[in-house]
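Below is one structure, written out as structure tokens, with a few remarks after it.
The values are calculated or read from the model by the stated rules, or taken from the named source; none is laboratory data. These figures come from a predicted structure and were not determined experimentally. Cβ placement follows ideal geometry from the backbone for every residue including glycine, while neighbour counts extend to all protein chains displayed.
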Amino acid sequence: MSAVARARRWLAARVAASVAAQRARAALAGAALVLPLVLPLLMGAPAQAQAQPQALPAAAAARVAACAACHGADGHAPLPGVPHLAGQPRLFLENRLVMIREGLSVVPSMKGLLDGLADEDLIALARHYAALPLRPERPARDAARAARGLAVSQRAACGGCHLADYRGQEQVPRLSGQREDYLVQSLRDFAAGRTGGRDTAMTNALIGLSDADFLDLAHHLATVAASR
Ligand code: HEC
Ligand code: HEC
């Protein structure tokens with residue numbers, strides 16, 4: 001099977017698994033009406049498992065120091081144009097790592113860095129960064145720009161996928177507290193179609209928005225308080 005077919009099949013399986021997990025959670029939420037005392041116990045186990053940073057497999061552990069040079073040891077990128085990874089949804093990170101490893105998403109500065117890592121290593125790296133708390137240094141909030149950004153976000157329904165507080169979910173990334181420069185660059189890349197292997201739902205969400213809108217959106221998103 002070609003690398004592309006393998007990544008597509010892997011992604012499809014992940015999406016199916018996350019839909020199943022979402023259904024299971026919905027079923028649990030339904031059970032909460034009947035079993036209000038049992039639910040916290042049921043929910044406690046997976047929530048805790050996700051929050052605990054776990055030891056990385058050897059191959060991933062050997063690579064993580066290289067990641068830190070750009071994304072920070074604590075998942076906070078010190079460099080312009082590099083995204084924070086801390087607190088991103090695990091599934092989003094897994095998908096990005098697979099797409100980058102397979103060369104479907106081209107990140108020149110990461111060329112070769114994921115070569116030879118197995119799916120299990122990428123899953124472990126995703127779990128590692130997802131479990132790190134996001135506590136970014138936020139730029140000073142310019143109220144007028146942020147208000148314009150909020151208005152654009154509401155008009156374009158960004159929260160429909162990224163959630164109302166932009167913390168992200170499943171395959172959809174967190175935007176709140178992300179680096180402002182990275183957000184601007186990312187929006188420009190999506191709008192210009194420079195995002196090989198990325199979700200086309202995003203490109204469609206930006207139809208009709210201007211570069212000024214991107215700057216206001218990025219300012220609003222980078223400075224809005226994250227909920228966790
Ligand atoms: C030389 C700098 C550099 C190094 C080292 C590096 N990255 Fe990256 N990484 C980037 C840049 C730049 C981007 C943004 C690319 C883009 O969106 O065009 C990125 C994007 C990502 C993304 C996608 C995040 C998002 O929000 O879209 C993930 C996940 C990631 N890197 C993980 C890693 C891991 C894991 C390692 C170590 C194995 C690593 N990176 C090493 C520069 C680096
Ligand atoms: C239909 C659902 C949907 C809507 C609506 C949507 N997004 Fe997204 N967005 C996504 C998905 C899915 C991704 C991940 C794409 C990928 O990695 O291939 C994404 C990725 C992004 C990224 C890249 C972040 C990163 O860390 O790499 C940015 C920035 C972004 N969206 C901003 C926005 C903004 C701003 C809006 C509103 C104008 C918006 N999105 C509306 C689904 C959506």
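Worth a mention:
- Meets criteria (of a type outside the set (D, E, K, R), in contact (Cβ under 8 Å) with a residue 60 or more places away in the chain and either within 28 Å of Cys70 (Cα to Cα) or not assigned by TED's automatic domain parsing to the domain that holds Gln88 (or both)) for Ala212: no
- Pairing each residue of segment 159-175 that is assigned by TED's automatic domain parsing to the domain that holds Ala205 with any residue that is of a type in the set (Phe, Trp, Tyr) and within 14 Å of ligand 1 (Cβ to nearest atom), provided the two are 6+ apart or on different chains, yields C-beta distances under 6 Å for Gln171/Phe92; Pro173/Phe92; Leu175/Tyr166.
- Glu137 meets all of the listed conditions (1) modelled with pLDDT of 95 or more; (2) under 11 Å from His84 (Cβ atoms) but one, namely (1).
- Any hit, segment 186-208, residues being part of a loop (DSSP other than H, G, I, E, B), outside the structural domain of Gly81 (by TED's automatic domain parsing), more than 16 Å from ligand 1 (Cβ to nearest atom) and over 15 Å from the mean Cα position of the chain (by Cα): yes
- Yes/no for Gly103 being within 18 Å of Val64 (Cα to Cα), among the small types (Gly, Ala, Ser) and not assigned by TED's automatic domain parsing to the domain that holds Ala201: no
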